[in-house]
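Okay, structure first, notes after.
The values are calculated or read from the model by the stated rules, or taken from the named source; none is laboratory data. These numbers were taken from a predicted model, which means no experiment stands behind them. Backbone-built Cβ (ideal geometry, glycine too); neighbour counts: all protein chains shown. Accessible surface areas use protein heavy atoms only, side chains included; no ligands, DNA or RNA. Shrake-Rupley method; radii C 1.70, N 1.55, O 1.52, S 1.80 Å.
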Amino acid sequence: IPAVPKMTPELWGAVMKQMPYMALLRNINTLERQGIFADQDSVDYIVQRLTDPVAIQKSKILPFRLYEAYKAYSDPEDRSGRRQRQGSTEETPIVRLPYPRISAALETALEASFVNMPVIPGTVAIGSDVSGSMSCPISEKGKTRYIDICGVFTGAILKKTGDRTIPIPFEHEVVKVNLSGQDRILKTTETLAKIGGGGTAVGAPIKYLLQKNIQVDTFIGITDSEDWAYGGGYYYSNGSFLTNWRTYRERFPAAQAYLITIAPYQEVMAPSTEPGIHYIYGWSDQVPNYIAKSVQGQESQVEAVEAIEL
């Protein structure tokens, strides 16, 4: 607050109770550093506010933001601070352990926030890339990795759509793992993250659908954009994404594919004019909304850009 020479815990406590949900979420670590959580009433307020179902729904925050907040607060490696020794200019790194009730509240909010995910109609298949390269961090400033976003996305869609969604994790081939819409989003994220390894074959989940003769309305592939592990010797990967998708479209002409490439390369897996394929380069919270609107024919990517008010 510019008008205040020095913020005190009392002032921070007063500001905390005026923060909108997103602002509160962004400032949890700041509030802790200011000693706010030494007051049990403040902890009670934070817990109640974070887990309020009405507040979560009104905020329209998607699970990805809450996962980042949970990770940043609950992981000691993400919460290292600096402490100055008395009588010395030398700084010593310290690790502050999280308050269990606040960590639990963030996890509760994360699980509840799937209600804010848009509805994707019809039958959906999610090709979740669990290859080794997905363990890379999204940015140098945080610990969230490509696989974390992939896991949260998969878990949230499963909870939102239930038995209408078919999860197909893959690396150089389809990986058999039990995923359910009844599972916590955090559990799904951790399950996928533990697989990590192998090459990348985006065509593998399409080959799986072909061999099982499974018809879906929408295929969503979320990957870091590599697609090289296919050919002889790969049971579910003996074709590139493009060749497998063309075969799939011959069998099910109305099917649509959405390829989310979190870390896009210059090369792509299919020509931009290929029918039935939609490209999403990079990642933001708007991706699920775009897919839902596009599936329902509400807007194209160009129309979405043109609708932005400058």
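Listing for the model above:
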| quantity | calculated |
| --- | --- |
| Structure-derived percent of Cα pairs over 31 Å apart: which label, when the choices are (i) 37; (ii) 47; (iii) 33 | (i) |
| Too-long pairs where the Cα-Cα distance tops 25 Å, listed order kept, from 17/159; 141/176; 141/194; 71/187; 6/58 | 17/159; 141/176; 6/58 |
| Long-range HN-HN contacts of residue 256 with modeled amide H, under 5 Å | 218, 219 |
| FRET efficiency for residue 296 and residue 40, using Cβ-Cβ distance with R0 set to 45 Å, rounded to 0.05 | 0.40 |
| Loop-located GluC sites (Glu not before Pro) in segment 148-253 whose Cβ has at most 16 other Cβ within 10 Å (DSSP) | none |
| Accessible surface of the chain [probe 1.4 Å, protein heavy atoms]: carbon and sulfur percent | 50 percent |
| Value of relative contact order over the chain, rounded to a whole percent, pairs C-alpha under 8 Å and six or more apart | 14 percent |
| Label point distance in nm, residue 286-residue 48, each placed 7 Å from Cα along Cα→Cβ | 3.7 nm |
| Degrees between helix 203-212 axis and first principal axis of the chain (Cα, 0 to 90, nearest 10) | 60 degrees |
| Accessible solvent surface per residue of the chain, calculated while the other protein chains remain in place, 1.4 angstrom probe, Å² | 51 Å² |
